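> A single structure is presented below for examination.
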Amino acid sequence: MNFKFSNEQEVFLSKVRELTKEYVAPIAAEIDREASFPINSIKALGENGIMGIPFEKKYGGLEMDNLTYAAAVEELSKACASTGVIMSAHTSLCCWPIATYGTEEQKTKYLTPLVSGEKLGAFGWTESEAGTKTTAVKEGDKYIINGKKVLITNSHEADIFIIFAKTNPETGSLSAFIVEKGTKGFAIGEAEDKMGVRGSSTAELFFDNCIIPEENLLGNLSGGFKIAMATLNGGRIGVAAQSVGIAQGALDAAINYVKNRMQLGKPISHHQNTQFVIADLQTKIDAARLMTYRAANMKDLGEDYGYMASMAKLFASEIAMEVTTKAVQLFGGNGYSKKFPVERMMRDAKVTEIYEGTSEIQKVIIASHMGIK
């Protein structure tokens, strides 16, 4: 197992860092404060292939591996967790299921503009109660969708949605559908006023006799649960990478601060206690990064990576919360001020323990893999 990046990967990640410095970092505080979507940042990422890293070139992708994709999410998230999750949800949760389960016609029609960044994608899975109450009833050559989804990332800006609905009331089996923004009977609710990742819109989706053509069925009829679980496994690699990025960004900011914050004539970085805290946190971040890279590598190799993705997400998200909290502490009173980035990073980190399966759900998945049920 070799996680040393090739020259091609290094060149690409260097470009990601440059774009992050030019387009992402300068507006991170602003989009958090105003809860505004980073339109220009996402446009720049799309123009440089970053919205379609792991997909085939014939659809406009870069055809690079999932390890490179994870590293790119990390780089973006060091500066702005909102931008990181916008790109990650688009790639892992919308583009990937179309690329994996879609027909050639669906890939040409939907994947191509998604991969180029011309359009943005979203994933409609979560509902207010456990399970899925949203239904899709076949009538002739169409499906009629009724129901509601909640807390959907990229909701207001997305053009293409992967939606899961119950297609067999007797068995409760689910199917996946591609739904376009603007479809009659499909509406998007008000954006949630969130604690963190405020530059990424999150809202409810409403389906009131929403009519879609049968050719928008994704994968096999009643195959939706399999598609959802496989998609979420990949999405958890993205969340783990986002968590690593948030943690590293916060620690980098803290290191810069303690080197320059003077107390009694010397930087507080000279205190051994400060050094111990930073050493512990960097060690944990590197461990989380290696777990994330391992999960991405397993996916690239075609191995069963679901449990490893859960382990990476569980560990990396909890480390992100720990690192950002301690980074605020290292800043002292300044850490509580919006003049410095670490309070934003701490707020951003919290959701990584929640979305795409809470930490508790990840533990259930890991235990199940170990034969404990």
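The values are calculated or read from the model by the stated rules, or taken from the named source; none is laboratory data. Since this is a predicted model, take the numbers as computed values, not measurements. Quick reminder, even Gly has a Cβ in these numbers, built from the backbone with ideal geometry, and neighbours come from all protein chains shown. Ligands, DNA and RNA are excluded from the accessible area calculation, which covers all protein heavy atoms including side chains. Shrake-Rupley method; radii C 1.70, N 1.55, O 1.52, S 1.80 Å.
> If I go through the range 197-206 residue by residue, how many of them are under 14 Å from residue 187 (Cβ atoms) and open to solvent by 10 Å² or more (accessible area, probe 1.4 Å)? Spell out how you get there, then give the answer.
Taking the range 197-206 as the starting set, the residues that turn out to be under 14 Å from residue 187 (Cβ atoms) are 203-206.
Going one step further and asking which of them are open to solvent by 10 Å² or more (accessible area, probe 1.4 Å), we end up with 204, 206.
Residues flagged as under 14 Å from residue 187 (Cβ atoms) and open to solvent by 10 Å² or more (accessible area, probe 1.4 Å) within the range 197-206 amount to 2.
> Report, by residue number, each residue of the range 208-232 that is touching a Lys or Arg at 6+ places or on another chain (Cβ under 8 Å), farther than 17 Å from residue 102 by Cβ and open to solvent by 10 Å² or more (accessible area, probe 1.4 Å).
Selection gives 211 alone.
> Six or more apart or on different chains, Cβ under 9 Å: which pairs go from a residue in the range 186-214 that's closer than 25 Å to residue 38 by Cβ and assigned to a strand (DSSP E or B) to one that's modelled with pLDDT of 95 or more and basic (Lys, Arg)? Could you list them?
Here the result reads 188/181; 202/194; 204/148; 204/149; 205/148; 205/149, each pair linking the range 186-214 to a residue that is modelled with pLDDT of 95 or more and basic (Lys, Arg).
> What is the number of the single condition among (1) open to solvent by 10 Å² or more (accessible area, probe 1.4 Å); (2) more than 12 Å from residue 218 (Cα to Cα); (3) of a type in the set (Gly, Ala, Ser) that residue 102 does not meet?
Here residue 102 meets the rest and fails (2).
> I would also like to ask the following. Taking the conditions exactly as written (more than 22 Å from residue 152 (Cα to Cα), without any contact (Cβ under 8 Å) to a residue 40 or more places away in the chain and open to solvent by less than 40 Å² (accessible area, probe 1.4 Å)), does residue 335 satisfy them or not?
Values: more than 22 Å from residue 152 (Cα to Cα): yes; without any contact (Cβ under 8 Å) to a residue 40 or more places away in the chain: yes; open to solvent by less than 40 Å² (accessible area, probe 1.4 Å): yes.
Against the criterion (more than 22 Å from residue 152 (Cα to Cα), without any contact (Cβ under 8 Å) to a residue 40 or more places away in the chain and open to solvent by less than 40 Å² (accessible area, probe 1.4 Å)), residue 335 qualifies.
> Conditions: (1) surrounded by fewer than 24 Cβ atoms within 10 Å (Cβ to Cβ); (2) touching a Gly at 6+ places or on another chain (Cβ under 7 Å); (3) in a strand (DSSP E or B); (4) not charged (D, E, K, R). Residue 150 meets all but one. Number of the miss?
(2)
> Do you know which residues across the range 276-294 are surrounded by 21 or more Cβ atoms within 10 Å (Cβ to Cβ) and in contact (Cβ under 8 Å) with a residue 60 or more places away in the chain?
289, 292, 293
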